[in-house]
Amino acid sequence: MSQTTEKVRKTLARRYRAEKRFKAFGLGAIGIGLMALVLLFTDIIGKGHSAFVEYEIQLPVTFDAEVMDVSDPRDEEQLNYGNYQGVIRDALADRFPGVESRLDTRALNQLVSTGAGYALRDMLREDPSLLGETRTLWLLADDDVDLFLKANEKQREDSRLNEKQQAWVAELEASGETRMVFNQSLFSYGDSREPEQAGILGAILGSLFTMIVTLVLSFPIGVAAAVYLEEFAPKNRFTDFIEVNINNLAAVPSIIFGLLGLAVIIGLFGLPRSVPLVGGIVLTLMTLPTIIISSRAAIKAVPPSIRQAAMGLGASKMQVVLHHVLPLALPGMLTGAIIGMAQALGETAPLLMIGMVAFIVDLPAGPLDAATVLPVQIYLWADSPEQSFESLASAAIMVLLAFLITMNTLAVILRKRLERRW
Amino acid sequence: METAQQLDKPALGTNDAARDKAINEQAAMTQDTPYPDQTVGTPFVDDPKMRLRDVEVFYDDNQAIHGVSLDIGKNEVVSLIGPSGCGKSTFLRCLNRMNDTIDICKVKGSLHLESQDLYDPKLDVVELRARVGMVFQKPNPFPKSIYDNVAYGPRIHGLANKKYDLDEIVETSLRKAGLWEEVKDRLHAPGTGLSGGQQQRLCIARTIAVSPEVVLMDEPCSALDPIATAKIEELISELSESYTIAIVTHSMQQAARVSHRTAYFHLGRLVEMNDTETVFTKPEHDLTEAYITGRFG
């Protein structure tokens with residue numbers, strides 16, 4: 001055996017140990033990341049899953065014309081001012097006879113959500129012949145009742161319901177007069193002060209409009225800037241200066257963009273507050289650096305041989321860019337744009353500054369209607385005192401995460417699909 | 001570590017010695033035979049296609065080409081040979097102004113394609129490149145179909161108005177490049193799916209599809225295997241019937257096989273230009289002889 005082999009052998013063990021250590025570090029890092037992810041998901045799903053269902057209470061309701069003060073259900077004005085709480089109160093009183101004191105009556109009336117009245121109105125509008133009839137209906141339970149029904153034995157001790165209310169609800173539950181249904185209001189309403197009536201549709205629409213504005217503004221501007229800087233700009237101090245500042249822009253805290261939006265877009269140009277249009281413009285400023293930087297990287301990655309081939313055939317600069325560079329760089333640009341969009345979708349701070357944090361019940365119909373966005377809605381709910389909002393916030397986080405995961409998956413799929421090999 | 005170095009030393013030493021020897025030889029050669037003020041041989045011809053005089057190229061302050069003058073005759077294949085870094089590719093790229101894309105590159109001298117001054121500020125470089133096509137070292141088909149690769153040039157220059165005309169141009173070009181039989185059934189398959197040699201012939205087809213007068217080839221076979229190389233060389237000979245060709249090559253056999261005249265470049269100067277046969281059998285300049293006999297390169 002030669003001297004070298006011996007020497008090499010000696011070092012081999014050490015090299016392999018170092019390699020193992022190196023691998024272990026990598027695995028450890030991935031493990032920590034995965035653990036954080038699992039923790040996050042279990043916590044959010046654990047808290048949020050109950051918000052996707054809600055409880056209803058069965059009651060025989062009489063559509064009494066006198067109590068409701070509605071003589072003609074076809075008259076919209078009468079319908080809107082009808083006293084539906086009255087008939088629900090009567091129905092509750094009939095279901096639990098012997099509740100006499102004012103305090104107890106009020107406690108009893110709290111079992112049903114105030115939103116149930118609107119449901120009755122809508123029913124009456126649909127079918128005017130209901131007037132004077134009695135129907136056995138499932139009515140939305142109040143959020144405290146909802147929480148009580150969802151809770152286990154131990155948690156029920158901490159319920160906000162008083163003892164009598166607990167007894168009533170337990171009675172309804174035992175006799176099968178409560179049922180669990182899918183929480184439709186979560187996906188069909190805007191925000192509300194009442195957790196059982198609060199939904200995220202308003203925030204989803206707000207986010208959607210904001211994202212559309214952001215995409216429409218930032219993608220063309222970002223790509224145009226990247227193409228100019230990469231392909232046409234002369235290499236001089238001025239372009240270096242611009243490049244440095246684009247990188248600086250990427251590092252600016254997002255709330256600064258919010259302040260800028262407030263001062264310039266709302267203050268100077270007089271656009272309305274709280275609207276997705278302004279939100280989109282502000283998020284465009286924030287997303288632009290991401291798109292420009294990733295687009296430039298994508299353009300740089302186009303092999304120079306392709307450019308030379310096109311130029312050698314006599315293609316003009318613009319033809320080279322339009323026919324060859326852009327199509328080849330597009331997957332990278334789209335990936336950058338989607339990642340930038342995902343960033344913007346999760347952005348809260350700048351939108352707080354331009355008033356998208358307002359309490360808005362109505363669903364926005366366009367980018368010029370006041371709206372809020374998903375992350376801000378989460379912030380608002382997480383900040384609310386009612387316990388039910390906690391699970392609502394988690395549910396909204398789940399929806400937001402679903403959107404983010406969809407967008408990121410889309411980015412990966414697009415890249416795979418459009419990627420051309422040469 | 002120490003042992004490893006010790007063990008390595010003998011081998012390194014031999015290499016060094018060999019390299020030093022080669023460098024010395026080269027230096028001695030250069031000393032003994034200083035650059036001629038004028039190129040030896042016959043760089044000029046009557047009624048040239050391209051007339052190039054006192055061409056100088058600078059990269060910033062670095063002069064890459066020193067006063068090169070030569071002619072490229074009509075339907076002639078001229079090969080440019082010389083050691084790496086001698087400026088032959090740089091010189092070739094002046095001929096269709098591909099050097100324009102390099103900001104720091106400056107070209108001086110008088111370069112004419114027939115009566116057209118190549119560096120006339122009024123000349124549209126797009127028009128020039130339609131007349132002087134180029135084939136590159138590495139096959140670089142567009143990531144498009146074979147058909148679109150060939151049709152790209154005619155399309156951007158508006159050479160064919162009807163689909164029928166375009167089809168014809170594509171077929172003729174592919175036939176001239178000797179690729180038609182191999183690809184006629186898969187014209188719409190991606191050009192990048194062809195083998196290296198086929199890709200290079202596709203690039204040649206793409207270049208001649210715009211009917212250039214001159215075709216520049218920058219080491220077109222250096223990335224190909226011998227069989228593909230042979231095919232390209234055969235193709236070059238055929239193409240010389242209708243085109244003027246300037247080819248840069250590292251293979252002296254190739255230069256000997258395909259070209260009518262050969263120019264030998266050394267450190268940015270044109271040392272010798274003569275009939276290919278003369279260059280390879282009776283070189284006039286010692287540097288040329290040293291290069292073609294393989295004493296350095």
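Tabulated data for the structure shown
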| item | result |
| --- | --- |
| Cα gyration tensor shape of the range B:119-233, rounded if a/c is under 1.5, else prolate or oblate by comparing a/b with b/c | oblate |
| The range A:201-418 pair-distance distribution - Cα-Cα, 10 Å bins, rounded % | 8, 29, 31, 19, 9, 3, 0, 0 |
| Label-to-label distance, nm, for residues given as A:Arg415 and B:Lys106 (7 Å Cα→Cβ offset) | 4.4 |
| GluC sites (Glu not before Pro) within the range A:363-422, DSSP loop, no more than 13 other Cβ atoms inside 10 Å | A:Glu419 |
| Size of the B/A contact, given as accessible area buried on both chains, probe 1.4 Å, in Å² | 1900 |
| Cα centroid separation, the range A:135-181 to the range A:230-280 (Å) | 52 |
| Cα-only Debye scattering, chain B: base-10 log of I(q)/I(0) at q = 0.07, 0.09, 0.10, 0.14 Å⁻¹ | -0.31, -0.50, -0.60, -1.04 |
| DSSP bridge pairs, chain B: antiparallel proportion in percent, nearest 5 | 55 |
| Debye-sum result for the range A:52-189 in log10 I(q)/I(0), which assumes one identical scatterer on each alpha carbon, at q = 0.09, 0.13, 0.18 Å⁻¹ | -0.28, -0.58, -1.03 |
| Above-threshold pairs, the threshold being 26 Å between Cα atoms, out of B:Lys138/B:Lys282; A:Lys317/B:Lys122; B:Lys49/B:Lys122 | B:Lys138/B:Lys282 |
| Computed over chain B: relative contact order in percent, which uses C-alpha pairs under 8 Å that are six or more apart | 27 |
| For B:134-144, mean number of other protein chain Cβ atoms within 10 Å | 5 |
| For the range A:179-190, 3J(HN,Hα) per residue [Karplus equation, 6.51 cos²θ - 1.76 cosθ + 1.60, θ = phi - 60°, Hz, x = Gly/Pro] | 8, 9, 10, 5, 6, 6, 4, 4, 9, 10, 10, x |
| Cβ-Cβ FRET estimate between A:Arg273 and A:Arg237, R0 fixed at 35 Å, reported to 0.05 | 0.30 |
| Estimated dipole of the range A:201-418 in Debye, rounded to 20 [Cβ of Lys and Arg +1, of Asp and Glu -1, Cα centre] | 1000 |
| Calculated Rg and Dmax of the range B:54-107 using C-alpha coordinates, Å | 11.6, 36 |
| Antiparallel content of DSSP bridges confined to the range B:123-254, in %, to 5 | 10 |
| Sites B:His66 and B:Glu171, calculated FRET efficiency, Cβ-Cβ separation with R0 35 Å, nearest 0.05 | 0.20 |
| Accessible surface, 1.4 Å probe, highest first, among residues B:Trp180, A:Trp138 | A:Trp138, B:Trp180 |
| Entries in B:Lys144/B:Lys184; A:Lys235/B:Lys106; B:Lys74/B:Lys108; A:Lys235/A:Lys300 that, when Cα-Cα distance is taken, lie over 18 Å | B:Lys74/B:Lys108 |
| Test item: Cα-centred dipole of the range B:174-252, Lys/Arg +1 and Asp/Glu -1 on Cβ, debye | 300 |
| Value of Rg to Rh for the protein assembly as shown (Rh from inverse mean 1/r over Cα pairs, i.e. Kirkwood) | 1.20 |
| DSSP-assigned coil residues among trypsin sites (Lys or Arg not before Pro) in the range A:246-336, each with at most 16 further Cβ atoms within 10 Å | A:Arg273 |
| Estimated inter-spin distance, B:Lys184 and A:Ala263, nm [label 7 Å along Cα→Cβ] | 7.2 |
| P(r), alpha carbons of the range A:3-49 - 5 Å bins starting at zero, rounded % | 5, 19, 12, 12, 10, 9, 8, 7, 6, 5, 4, 3, 2, 0 |
| Whichever lysines have a C-alpha closer than 30 Å to that of A:Lys7, once near sequence neighbours (fewer than 8 apart) are set aside | A:Lys20, A:Lys23, B:Lys9 |
| Tensor-based shape of the range B:165-235 (alpha-carbon gyration tensor, a/c under 1.5 rounded, otherwise prolate or oblate) | oblate |
| Surface share of carbon and sulfur [accessible, 1.4 angstrom probe, percent] for the range A:3-49 | 71 |
| Dipole axis of the range A:52-189 (+1 Lys, Arg; -1 Asp, Glu on Cβ), positive-most option in A:Ala65, A:Leu124, A:Phe187 | A:Phe187 |
| Kirkwood-type radius of chain A, with distances r between different C-alpha atoms, in Å | 26.4 |
| Accessible area of chain B belonging to carbon and sulfur atoms, whole % at 1.4 Å probe | 48 |
| Nearest-0.05 FRET efficiency for A:Leu249 and B:His250, computed from C-beta distance (R0 56 Å) | 0.70 |
| Most positive-pole-ward Cα, A:Gln343, A:Val8, A:Val376, against dipole of the protein assembly as shown from beta carbon charges | A:Val8 |
| Residues of the range A:30-69 with amide N under 11 Å of a point placed 7 Å along Cα→Cβ from A:Arg135 | A:61-63 |
| Residue-averaged 222 nm ellipticity for the protein assembly as shown, from DSSP H runs of 4+ at -39500 (n - 2.57), nearest 500 | -17000 deg cm²/dmol |
| DSSP bridge pairs, the protein assembly as shown: antiparallel proportion in percent, nearest 5 | 65 |
| Within the accessible area of the range A:201-418 (1.4 Å probe), percent carbon and sulfur | 71 |
| Value of relative contact order over the range A:201-418, rounded to a whole percent, pairs C-alpha under 8 Å and six or more apart | 31 |
| Reachable lysines from A:Lys150, criterion Cα separation under 30 angstrom, eight or more residues apart if same chain | A:Lys47, A:Lys164 |
| Residues in the range B:125-157 reached by a label modelled at A:Lys317 [backbone nitrogen below 14 Å; 7 Å Cα→Cβ] | B:125-126 |
| Å² per residue, accessible surface of the range A:201-418 at 1.4 Å | 44 |
| Loop-located GluC sites (Glu not before Pro) in the range B:121-180, at most 14 other Cβ atoms within 10 Å (DSSP) | none |
| Positive-end extreme of charge dipole, the protein assembly as shown - chosen from B:Leu128, A:Ala203, A:Thr136 (charges on Cβ) | B:Leu128 |
| Point-charge dipole on Cβ atoms (K/R +1, D/E -1) for the range B:204-297, about Cα centre, debye to 20 | 160 |
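The values are calculated or read from the model by the stated rules, or taken from the named source; none is laboratory data. This one's a predicted model, so the numbers in the text were calculated from it and none came from an experiment. No Cβ is skipped: glycine too gets one built from the backbone with ideal geometry, and neighbour counts run over all protein chains shown. Remember, those area values only see protein heavy atoms, side chains included, never the ligands or the DNA or RNA. Shrake-Rupley method; radii C 1.70, N 1.55, O 1.52, S 1.80 Å.
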